[in-house]
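Visitor: This is the structure, below, for whatever I ask next.
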Amino acid sequence: QYLGVAPAPIVPSATPALAQSTATPAPPPPCIDGLAFVQHLTLEDRNMTVLATMNPGQLFTKGWRIRNAGTCAWDTSFSANYALGNVGAAVMGGVSTKMARSVQPGETYDLQVPLYAPVVPGPYQAWWEMRNAQGVPFGQRLYLGIQVPPPATPTPLPAQTPVPGINFSVD
């Protein structure tokens, strides 16, 4: 318009349209294992600042409420396992504990582990971890702490007071 030139006519091209490629769906993302601690069901130790007192050899059960925070369901091949402790006896006789049922992502599960208090007095702190079917640990570690008190000091028997008028003798 400003140069005084007429625009060239638009002629449709005879080139074929590009063929649409068929989209191949991407493989689903791998599932991710995850565990989140929700609450202590037994033996609340306030982040191991208040240890529960257990008698030497006492049987007890530690319970945690946990949530599947991953994208994979947990099945009965998943297990809670002792990971480490402040001393060797902190395992407290605990053994690998398998899931009793399937736990879907987002679902909570009440995990119970049977244990016993060591016989040697002292504080015991233990950390447990969840492992998947391949034995790979994942998620938050679970913890517990107990205190085994020393044996009570025996109270000495009182000295016997002689009773007047009684005389024991032997010939």
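The values are calculated or read from the model by the stated rules, or taken from the named source; none is laboratory data. Being a predicted model, the structure only gives us computed values, none of them experimental. Here the Cβ positions follow ideal geometry from the backbone for every residue, glycine too, while neighbour counts run over all protein chains shown. The area values use the complete protein model at the heavy-atom level, side chains included, leaving out ligands, DNA and RNA. Shrake-Rupley method; radii C 1.70, N 1.55, O 1.52, S 1.80 Å.
Visitor: Need one word for the stretch 24-104: rounded, prolate or oblate. Basis is the Cα gyration tensor (sqrt eigenvalues a ≥ b ≥ c); a/c below 1.5 gives rounded, then a/b vs b/c decides.
Guide: Details: a/c = 2.72, a/b = 2.34, b/c = 1.16.
Taking the square roots of the gyration eigenvalues as a ≥ b ≥ c, the stretch 24-104 is prolate.
Visitor: For the stretch 27-171, with the dipole built from +1 on Lys and Arg beta-carbon atoms and -1 on Asp and Glu ones, taken about the Cα centre, which of 99, 72, 162 lies farthest toward the positive end?
Guide: 72
Visitor: Quick one: P(r) of the chain from all Cα-Cα pairs, 5 Å bins, percents rounded to integers, in order of increasing distance.
Guide: 1, 7, 12, 13, 10, 8, 6, 4, 3, 4, 3, 4, 4, 4, 3, 4, 3, 2, 2, 1, 1, 0, 0, 0, 0, 0, 0, 0, 0, 0, 0, 0
Visitor: What distance in nm separates the simple spin-label points at residue 59 and residue 161, each placed 7 Å from Cα in the Cβ direction?
Guide: 4.7 nm
Visitor: Per-residue HN-Hα couplings for the stretch 106-118, Karplus 6.51 cos²θ - 1.76 cosθ + 1.60 at θ = phi - 60°, whole Hz, x for Gly and Pro?
Guide: Result, ordered by residue: x, 7, 9, 8, 9, 8, 10, 10, x, 9, 9, 6, x Hz.
Visitor: Pop out the carbon and sulfur fraction of the accessible area of the chain as a percent, whole number, probe 1.4 Å. Each step should come with its number before you reach the end.
Guide: Numbers: 7190 of 11830 Å².
After summing per-atom areas, the C and S share lands at 61 percent.
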